[in-house]
Each structure stands twice: as structure tokens, then as C-alpha cells.
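These notes are about the structure you will find just below.
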Amino acid sequence: MLSRGKRVAGLVVLLWLQGVASAGISFQPLGGFEITGTRYEGYYKTEAYALSGDGSTVVGEGQLFRVRQDSVFSSPDATRGFVWTSSLGLIDLGPGSVQGVNQDGSVLAGRSIPPDSPSGSGHLAESVPTLWRDQLPEYLIAFSQGLVYGGFAGLSADGSRAVGLSTAQGLTPLRWSDSQGLGLQPWPVGGQGRAPTDVADDGAFVSERFDPTRSNPYEQLWTEDEGWRLILGSGAFIEVAAISDDGHVVVGRSQDFRAYRWTEAEGGMLLEHPAGFPRQSRTLGVNHDGSVIVGAAGPADGFREIPFIWTEKQGIRSLVDILAIEGGVDLSGWVTLEAIDVSDDGRTILGRGFGPNGTESWVAVIPEPVSGVVLLLGSLWVVGTRRI
């Protein structure tokens, strides 16, 4: 039996352990921003696309919402690129969209509308591939050259390569590198596809490709050594989301709506779901070496979708449990939450969802595995306070 003094000490330690559990856990909605003095003035809600490897920078696009006679109006042309940091908040980068960011947030990639837009209307159909360095745009296609429109969807961690889609020859993948400049990478004969989604530091990129009838989708990996290659088997998987910075891990969603992970050595692998976890899931982001994966699953626990984090050691864990139960974060009012990207160390997670203020993006920070820390310290307390 513990003495009164030790029981009091134990209470103090347990309260301290609870503090350890919640320390370092945070959840921050990004909100939106106001634009005035333009054709599309109003409030822009955030749709994030990517997180820098160091966890400091978020990029995406703001989408205009206006309230007119109790109805919500949104224009497809009224989107503006943004960058966010915890110290500076949301920064408007003008009409367009930012979808890629390098490791430290110093280089961004996406699409925007140059000052020499032919119509001057600001239509996103006139967007061109764009890089931002120190938030200053660099338009990689000039209208005076008579080249086609397009934009970037991914940027490598070192900032030296970008991929996207051009309107040339129908819809054709774009590749850019700081050594070779901008060029097209045509689809294999007999196929067409969607925009490349992500690019590794060595230039390898992933994109979903279709057969001409669009009846049999299958993923493709492009590498400088081998060109286009089938990575998962025709018809086996239907959606690719991201590739790790080292080019070794590809993540996405299987044909039966299950999160998967692919490596050269192991091939495709469905992520194992623990008991009680939603059956339907999809992976949306991966860290630099593929050791941490994030995504969404649902429905579950009153949510249409919940975000998850996966590591090989711990498997899939619900971020709702980590944030709300272990961190004490109030998630009331959120209906949908999905995790779309993760920092190199696996601690900072970027997501989107539908919450109390409608569509919104968010950033969560979690510590090293909280449960493990608490169990270890709890065991030490028990040993230290047990009467011998």
C-alpha cells in the first residue's frame, strides 16, 4: 500500500504525464483571406495542396465564396494561389494555384496568369507553369512565344524539378528541371491520362494513365532511366497520390478503396486496418523516405472521413484519437477531415476538411508517439513508488 505522501506524489506525476501526453499537440485551421479592389473580390476559403518537408510552409489555392440572397456563389475562375507560414499567416499570390513546395518553403510551383494574358480577363484557362522564389513569380511560358497553357502539380524537395500538365497535344505531362528547362513528356502509345501528381528528387514522377477507352485505369511511373513503366499491374489499382522524395515509395488507393503502399522491392501492399477501423481508406501523402504515410478513411465515429497516420512500426492510427483524446483538441463541428501531406519527421500534418466554418484547411502538430512516452513514464512511476 502506498503512503499518503506517495499517493499525492503519484497524483502529481499522473497530472504531469497527462501534460506530457498533450504537450506539443496542436490543431490549427488556416481560415481564409479577403481580397478587395478586383473583379473577384470577397472572401477566399483555403484548399491546401502541399506541405514543405520541414513543416514550416503550406501552399494551395483560395476559392472565392460569396453570399448572394442566402445562396453561396463560387466561380471557377476566382481562385488565387496562397502560401502560409505560422509566423506570417496567409499570403495571397494572385490569380492561380500553388500546388508544390520544396523542403524549406523557399521555392513554390503551380500555375498563374502573367500580365500579358491575351484576354486580360484573368481566366484560369490562360494559366501558365509558374515558379515562385521568395514569393516572386517566374512565368516559364510567355504568351509571346505562342506556347500552350498549363501548370505544375508537384515540386521536388530540393526544388530542382517540377511536373504538371500542358494543353499541348491534347493533355500532355510537363517536366521542368533547373538544368534542362521546360519540356513535354508524351504518354506511351495508346494511352492518355491525368496530370502527374508528384515528383521525386531524381526526376521520377507518378501519374494515373488510361487506355484509349478510359475503361481500364492503371498507374504509371516515369523514370529517366526506364521512361514510362507499369508499376502495379493493369487494372490492379486505380489512383496514385504521391511519391517519396527518394523515389522509393509510391502511395495511393486500390481498386476496392483501400490505402496502399508500393515499393520496388515489395510491390503493392494494402495497409492493414486494425479492428474497428473503417474499411474504406486512401493514402494521400508520404514523407521523404516513405516511412510515414497519411490519408483518410471513413465513415467513422460520426465523421464522413477521419485522417490517419501510418508507420511500419505502429501501423494505422486515427489522428482524431491522437488530437482529441491524447491532445484534448476540440474537433466539434468538423464533419470531414483528411490528411494530405506530412513533414519529413512525421510530426507536422497538413489536411483539409469541412468544419464549423465550412471548407477549410488545417495544420496539426503531434509529438513523438505519445502513447509510448506515457506508457514508459507511467511504468517508471509505478516502479519508483511501489513499496518494497
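The values are calculated or read from the model by the stated rules, or taken from the named source; none is laboratory data. Computed from a predicted model, the values in this text were never measured in an experiment. Cβ coordinates were reconstructed from backbone atoms using ideal geometry, including for glycine residues, and neighbour counts include every protein chain displayed.
In the range 271-310, which residue that is at pLDDT 95 or above and of a type in the set (S, T, N, Q) is farthest from Asp201 (Cα to Cα)? My answer is Ser291. Report yes if Val250 is under 23 Å from Ser26 (Cα atoms), in contact (Cβ under 8 Å) with a residue 12 or more places away in the chain and either among the acidic types (Asp, Glu) or buried (at least 23 other Cβ atoms within 10 Å of the Cβ) (or both), otherwise no. Here the answer is no, as Val250 does not meet what is asked.
Residues checked against (1) under 18 Å from Thr197 (Cβ atoms); (2) small (Gly, Ala, Ser):
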| residue | (1), (2) |
| --- | --- |
| Arg253 | yes, no |
| Tyr260 | yes, no |
| His273 | no, no |
| His288 | yes, no |
| Ser291 | no, yes |
| Ala300 | no, yes |
| Arg304 | no, no |
| Trp310 | no, no |
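If the condition is being under 17 Å from the mean Cα position of the chain (by Cα), part of a loop (DSSP other than H, G, I, E, B) and not small (Gly, Ala, Ser), then the range 285-335 contributes Asn287, His288, Asp289. Report yes if Ser97 is modelled with pLDDT of 90 or more and assigned to a strand (DSSP E or B), otherwise no. Yes. When Asp256 is tested against (1) at pLDDT below 90; (2) within 13 Å of the chain's Cα centre (by Cα), only condition (2) is not met. One residue stands out in the range 152-171 among those that are without any contact (Cβ under 8 Å) to a residue 40 or more places away in the chain and buried (at least 21 other Cβ atoms within 10 Å of the Cβ): the one that is farthest from His288 (Cα to Cα), namely Ser166. Spot the failing condition for Gln314; the list is (1) closer than 22 Å to Val363 by Cβ; (2) in contact with a strand residue (DSSP E or B) (Cβ under 9 Å, 6 or more places away or on another chain); (3) modelled with pLDDT under 95, and only one is missed. Condition (2) is where Gln314 drops out.
Under the condition of being more than 14 Å from Gly105 (Cα to Cα), modelled with pLDDT of 80 or more and of a type in the set (A, V, I, L, M, F, W, C), the residues counted in the range 129-141 number 1. Contact map, the range 200-212: residues that are farther than 23 Å from Gly170 by Cβ paired with residues that are at pLDDT below 95 and assigned to a strand (DSSP E or B), Cβ distance under 6 Å, separation 6+ or inter-chain. Pairs shown: Ala204/Thr223. Taking each residue of the range 315-339 that is touching a residue at least 40 places away in the same chain (Cβ under 8 Å) and under 12 Å from Ser26 (Cβ atoms) and looking for partners that are among the hydroxyl-bearing types (Ser, Thr, Tyr) and surrounded by 14 or more Cβ atoms within 10 Å (Cβ to Cβ) with beta-carbon atoms closer than 6 Å, six or more apart or interchain, yields Gly327/Ser22; Gly328/Ser22.
Restricting to the range 109-123, name every residue that is at pLDDT 70 or above and not β-branched (Val, Ile, Thr). Selection gives Ala109, Gly110, Arg111, Ser112, Pro114, Pro115, Asp116. Asp341 meets the conditions (1) crowded, with 23+ Cβ neighbours inside 10 Å; (2) in a loop (DSSP other than H, G, I, E, B); (3) among the acidic types (Asp, Glu) in every case but one. The failed one is (2). Among Ser144, Ser177, which is the only one that is modelled with pLDDT of 70 or more, surrounded by fewer than 19 Cβ atoms within 10 Å (Cβ to Cβ) and out of contact with any Leu (no Cβ under 9 Å at 6 or more places or on another chain)? One residue alone meets the criteria, Ser177. In the range 195-225, the residue that is surrounded by the most Cβ atoms within 10 Å (Cβ to Cβ) out of those that are within 23 Å of the chain's Cα centre (by Cα) and modelled with pLDDT under 75 is Glu219. Residues that are touching a Pro at 6+ places or on another chain (Cβ under 7 Å), over 22 Å from Arg258 (Cβ atoms) and not basic (Lys, Arg) do occur in the range 316-333, at least one of them.
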